[in-house]
Amino acid sequence: MVKADPFDNATKQVNDACDVLGIKDKGMREYLAIPNRILRLKLPVKLDNGKIRIFIGFRCQHNNDRGPYKGGIRYFDPEGGVEYMEREVMALSSWMTWKCALVDVPFGGGKGGIYINPKKEKLSDGELERLTRRFAYQISEVIGPEKDIPAPDVYTTGREMTQIMDTFSKLQGNRYQPGVITGKPIPMGGSLARNVATGMGNAYCIREAAKVLKIKLKGAKVVLQGFGNASTFSGEYLEKMGAKVIAASDSKGSIIVPNGFKVKKLMDWKAKKGTVVGFPGSKKISTEQLLTTKCDILVPAALENQIDAKIAKKLQCKIIGEAANGPTLPEADPIIYKKKIMVIPDILANSGGVCISYLEWVQNNMGYYWNFNEVASKMEDHIIRGFKDTLAVSKKYKIDMRKAAMVVAVSRVVEAFNHKGIWP
Ligand code: NAD
């Protein structure tokens, strides 16, 4: 299958939002779509066996009209190779611009990474650290607490964030610079609540959607696709609100327990057995059965491209909280809209992470740290405003929530642009 060009998709979404907003000027559309700059880097690293290996890395900075660039660094080897990765980071940096604008955090969009799959390659810890520090060194001129603030992404963790922060700080004459990067471990200036942020934010959005649709969360049935970070915390926070998880899945299969189960119990099972399959009292079902189970809330939290037109026609849920990135194909959106299922689109549903990244940066810059509840409630404020603004635009223009979220985001960047203009 030929993969769609991700940057073409991102550009189409910008143009669709411009159509709704009545922005006809081609120059303005291009201004909004095209990244400000993209660095493509040659990264030489000395391997443990003494040989030199060249890696390719990227940092793409899409738009900084509302604040410094923000976005993850991934270590990844997409099927289409290095050229495809370049298009992918361009698209992902664009989506970060819109995600930050939508939840009104004062950042623009960035993305970057290195073309490598550390799981397959089995680089030693020393080789990986040298690669990470080399990358940090080569992007050091374009990043900084007031310029561009990276974060973890696919196959990068707090360990890489610490190494980048440390390299950057040393290059600034040993000035401690925790605000250059987020997603750090707590002792390195990370924020409380970051590990639960995505699931918690998704649950907050679902709670607001349930209020609008007048669905009682007490006893509401939840289906989780995937059973990792975003999924389990979505499930746990919905449980705290009174809902009942009845089905879940992972890469090895899907299960259902019609009367529901505690997320924690399934987590314990998965920790022991390595999969959700076989959970006592459960029945094994197919992926299609999982996604089309009759329920109130469906949380796709695994992979992209899960809900196509065929699945959309069979959906029996009332709310979809897209914790995963891109779980719904464009062909499914009109079908879902017609069925009056409320979709909380990925750029909103999984924006809890970027909200708490913002709060981590604020704490780093202040040198003063908040407790868990303070961080969580500030995040809630951002994400709920994002939800309400999206819903209002969806109603105003009679468009689905995905398009509405883009319209809110694009209009905010345009507003900032109009204040600044072009210089020189
Ligand atoms: P994770 O690795 O913790 O969990 C992924 C889960 O999906 C695992 O349980 C895995 O077994 C399961 N899975 C893999 N293939 C599957 C398949 N074919 N069918 C069903 N389940 C399958 O990852 P995560 O951090 O929870 O991320 C999940 C999604 O959420 C991704 O799309 C990610 O981009 C998105 N997301 C996550 C965060 C975050 O902070 N964790 C933030 C934004 C977006």
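The values are calculated or read from the model by the stated rules, or taken from the named source; none is laboratory data. A quick note: this is a predicted structure, and the numbers were derived from the prediction, not measured. Virtual Cβ from ideal backbone geometry, glycine too; neighbours counted across all protein chains shown.
Summary table
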{"read-out": "Neighbours by Cβ (under 9 Å, 6+ apart or cross-chain): first from region 120-136, farther than 11 Å from residue 167 by Cβ; second in a loop (DSSP other than H, G, I, E, B) and acidic (Asp, Glu)", "value": "120/77; 121/77; 123/48; 124/48; 126/48; 127/48"}
{"read-out": "Selected residue [surrounded by fewer than 16 Cβ atoms within 10 Å (Cβ to Cβ) and hydrophobic (A, V, I, L, M, F, W, C)] from 4, 10, 17", "value": "4"}
{"read-out": "Qualifying residue in region 350-370 (condition: closer than 19 Å to residue 18 by Cα, modelled with pLDDT of 95 or more, of a type in the set (D, E, K, R) and within 18 Å of the chain's Cα centre (by Cα))", "value": "no"}
{"read-out": "Given (1) touching a Ser or Thr at 6+ places or on another chain (Cβ under 6 Å); (2) over 30 Å from residue 29 (Cβ atoms), number of the condition residue 373 does not satisfy", "value": "(1)"}
{"read-out": "Unmet requirement for residue 359, which otherwise passes all of (1) within 12 Å of the ligand (Cβ to nearest atom); (2) hydrophobic (A, V, I, L, M, F, W, C); (3) under 30 Å from residue 158 (Cβ atoms); (4) touching a residue at least 60 places away in the same chain (Cβ under 8 Å)", "value": "(1)"}
{"read-out": "Qualifying residues in region 137-182 (those that are assigned to a loop (DSSP other than H, G, I, E, B), of a type in the set (A, V, I, L, M, F, W, C) and in contact with a Pro (Cβ under 9 Å, 6 or more places away or on another chain)) - the one farthest from residue 56 (Cα to Cα)", "value": "181"}
{"read-out": "Single unsatisfied condition, residue 52 versus (1) over 21 Å from residue 183 (Cα atoms); (2) within 22 Å of the chain's Cα centre (by Cα); (3) of a type outside the set (Ser, Thr, Tyr)", "value": "(2)"}
{"read-out": "Residue that is surrounded by the fewest Cβ atoms within 10 Å (Cβ to Cβ) [pool: residues in region 386-424 that are among the basic types (Lys, Arg) and assigned to a helix (DSSP H, G or I)]", "value": "420"}
{"read-out": "Residue ID - nearest to residue 19 (Cα to Cα), chosen from residues in region 38-50 that are of a type in the set (Lys, Arg) and surrounded by 12 or more Cβ atoms within 10 Å (Cβ to Cβ)", "value": "40"}
{"read-out": "Residues (in a helix (DSSP H, G or I) and in contact with a Phe, Trp or Tyr (Cβ under 7 Å, 6 or more places away or on another chain)) located in region 96-118", "value": "100, 118"}
{"read-out": "Some residue of region 60-73 being part of a strand (DSSP E or B), touching a Leu at 6+ places or on another chain (Cβ under 9 Å) and aliphatic (A, V, I, L, M)", "value": "no"}
{"read-out": "Filtered residue count, region 314-353, keeping only those that are of a type in the set (Val, Ile, Thr), part of a helix (DSSP H, G or I) and away from the ligand (no atom under 12 Å from the Cβ)", "value": "2"}
{"read-out": "Filter result (aliphatic (A, V, I, L, M), surrounded by fewer than 22 Cβ atoms within 10 Å (Cβ to Cβ) and within 16 Å of the ligand (Cβ to nearest atom)) within region 299-313", "value": "302, 303, 311"}
{"read-out": "Per-region count, region 41-62, residues charged (D, E, K, R) and closer than 18 Å to residue 144 by Cα", "value": "1"}
{"read-out": "Cβ pairs under 7 Å, 6+ apart, first in region 227-252 and free of Cβ contacts under 8 Å to residues at least 60 places away in the same chain and within 17 Å of residue 291 (Cα to Cα), second aromatic (Phe, Trp, Tyr) and within 11 Å of the ligand (Cβ to nearest atom)", "value": "248/227; 249/227; 250/227"}
{"read-out": "Test: residue in region 62-73 that is hydroxyl-bearing (Ser, Thr, Tyr), more than 24 Å from residue 390 (Cα to Cα) and surrounded by 14 or more Cβ atoms within 10 Å (Cβ to Cβ)", "value": "no"}
{"read-out": "Residue list for region 74-85, filter: touching a helix residue (DSSP H, G or I) at 6+ places or on another chain (Cβ under 9 Å) and either surrounded by 20 or more Cβ atoms within 10 Å (Cβ to Cβ) or assigned to a loop (DSSP other than H, G, I, E, B) (or both)", "value": "74, 75, 77, 78, 80"}
{"read-out": "Which listed residue, of 350, 364, 371, is farther than 23 Å from residue 231 by Cα, touching a residue at least 40 places away in the same chain (Cβ under 8 Å), surrounded by 23 or more Cβ atoms within 10 Å (Cβ to Cβ) and not β-branched (Val, Ile, Thr)", "value": "364"}
